[in-house]
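Okay, so here's the structure we're looking at.
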Amino acid sequence: MALADEEPMTSQEHRSRLRRPGLAALATLAVVATVAGAAPGAGAAPAAKAGTPKLKLIAASKSVTTYRYPEGGTILELGTYVTVDGAPLEFKVTRKSYKDPIVAQQILRDGKKTTTRTLPKGLITDHGGLPGFLEISLKNAAGQQVLKTASDFCPNNASGRIRPDAPSTSHYPQSCSRNPWTLGSVWGVEKGWAVNTTQYRYDDTVDIPAGEYTAEVGVAKKYRELFGMSNDRPTVKVTVVQYDEGGEGGVGVGAKSSSHHAAGHGGHGGHGGHDAAPVDPSQPPLHGFGPRGEDVPMPPALPHALEDRGLAKHLGDGPGHTDGSRIAPALKPAAKRPTGKAGAPANVPKPDLRSLPAWGIAITDGEDGDVPGKDYLAFSANVWNAGPAPLVVDGFRKPGADLMDSYQYFYDTKGKQVGYSPAGTMEWDPREGHEHWHFTDFASYRLLSADQTKEVRSGKEAFCLANTDAIDYTVKGANWHPENTDLGSACGSQEAISVREVLDVGSGDTYTQERPGQSFDITDLPNGTYYIKVIANPENRLKESDTKNNVALRKVVLGGKPGARTVKVPPHHLIDAP
């Protein structure tokens, strides 16, 4: 959301914005059940055509308070929800390749019968949700309109039940992916649930003064007609409060967050949540992934609405189903080194690691210890697992050693371990911003000459594995609820005796090459065309079902002068993500 005359943020302003304390957490859905009154979902399910979800826009509260930060940005947390009843709201969003446009289908479920309908061509242009779904008008105390804007809607946003007989768990994913290379998404809201229309996006703020406002929120006509929604336009009193870091002349420091790890899975929050004031900046920072995949502070992690997610028995949940109910085999590290004969049986499912083309490409002057005065080419890269089996790697440490011996584990379709294979090593990285165990043989990077025959620079080859991005949740065996989605939950501490790192099916691991030794030093490279080469499993130490898709290239054109180098990034087929 942005005012018509709002200037775009500079990269420095954006970084500063990202380092501010988190905003208030999304309202809990218990509030919806309490204040919605006679709104659909507050009692028994309303009558609806079998298999067709009944949608309604409601406001959980008559008034809300949000914060304006020193840079001028405010996220409009209006407390509006879309309730779903009669049937689940579900979408499958796919593209065959980066040469093909996105096709979005609505999945209609009536008991055991499932039908689909294709949404209008061009309506969905990425995997971030339904574009322009909400219409928002904001008036000041004098009745003057100060903002008129549209907002996207992610069905996988923070959600929860609105009546006691609704399904106890949501088996749908917990975010909409904003990775430009995402191939397949599943969006969904359970029957008898509601989803918050507010998403935490630091790049989607409005610049309005502190004060009192009235917001009117509605659903765009094209979506009302598409989903059979009434033209409900709830109003909400909005109080915008100036946030003061020092605690003087504005809002002081608020309550501490109950969690210090925000979900970084393509920029998503969790389901459910608690009302909270901005977190205490003296506490450990909340981390997630920014526009280029970089590790940045994020708002407080929202607790899962339902911890018993494995208990749902609807819509085909169960072992072997690609519906989000499957959980990666034993995220717990093994208690001891593997015994018996090593090897991976030929008929056992194996992971399929695939590289994505680089993006988020930019010229920098170096960070975190790079040599001053040099020019660097920074970029984001992702290797993902197309399945059908997760990549499970365990590291075992000998007393006093700086390296762990790594082993890849293999499981049958029932989750029973049936083999293992040596897979290199893990090393402790003590550098600031890392400070975790890296698996040394996961991926590597090269900068190639224009004819792709000469390697002019090489990059990092050691990584901590985490499921940071949803790349394709429609592949066989995809896990819609990976547990290790950030570095804090996946990579172990310095004193660890063993570590398990997992890259689950459908997810990828994004790294931004901007820390020491990662970005390419281009100071002495002549201007011209080059290719960033991303290689998965470079030494072939990991056992895969297919190794022919382990390399991806992205063309870049360097220009400018020393100290003021430039880079142009041509589109990759239909993907224009520089």
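Every read-out reported here was derived from the displayed coordinates using simple, explicitly stated rules and does not represent laboratory data. Just so we're clear, the structure is a prediction, and the values are computed from it rather than from any experiment. FYI the Cβ positions are ideal-geometry reconstructions off the backbone, even for glycines, and counts take in every protein chain you see.
Descriptive notes on the structure:
- Computed Kirkwood radius, in angstrom, where 1/r is averaged over Cα pairs of the range 42-144: 17.3 Å
- Positive minus negative residues near P180 (Lys, Arg vs Asp, Glu; Cβ under 9 Å): -1
- Around D126: net Lys/Arg minus Asp/Glu count, Cβ-Cβ under 12 Å: 0
- Available extension along the chain between T118 and I497 is 131.3 nm, counting 0.36 nm per residue and deducting the alpha carbon span.
- Segments 385-394, 91-100, 356-365 sorted - mean Cβ within 10 Å per residue, highest first: 385-394, 356-365, 91-100
- Taking one quarter of the surface of the C-alpha convex hull of the range 499-578 gives a mean projected area of 7.9 nm².
- Relative contact order (%) - the range 162-227, alpha-carbon pairs under 8 angstrom, separation at least six: 31 percent
- Net charge of neighbours whose Cβ lies under 12 Å from the Cβ of A166, counting Lys and Arg as +1 and Asp and Glu as -1: 0
- The listed peptides 570-576, 465-471, 223-229, 375-381, ordered by packing as a protection proxy, come out as 465-471, 375-381, 223-229, 570-576 (highest mean of other Cβ atoms within 10 Å first).
- Pairs with C-alpha atoms separated by more than 24 Å, drawn from the list K96/K414; K92/K476; K414/K543; K414/K476; K99/K221, are K96/K414; K99/K221.
- Sorting 542-549, 112-119, 125-132 by their mean Cβ neighbour count within 10 Å, with the most densely packed peptide first, gives 125-132, 542-549, 112-119.
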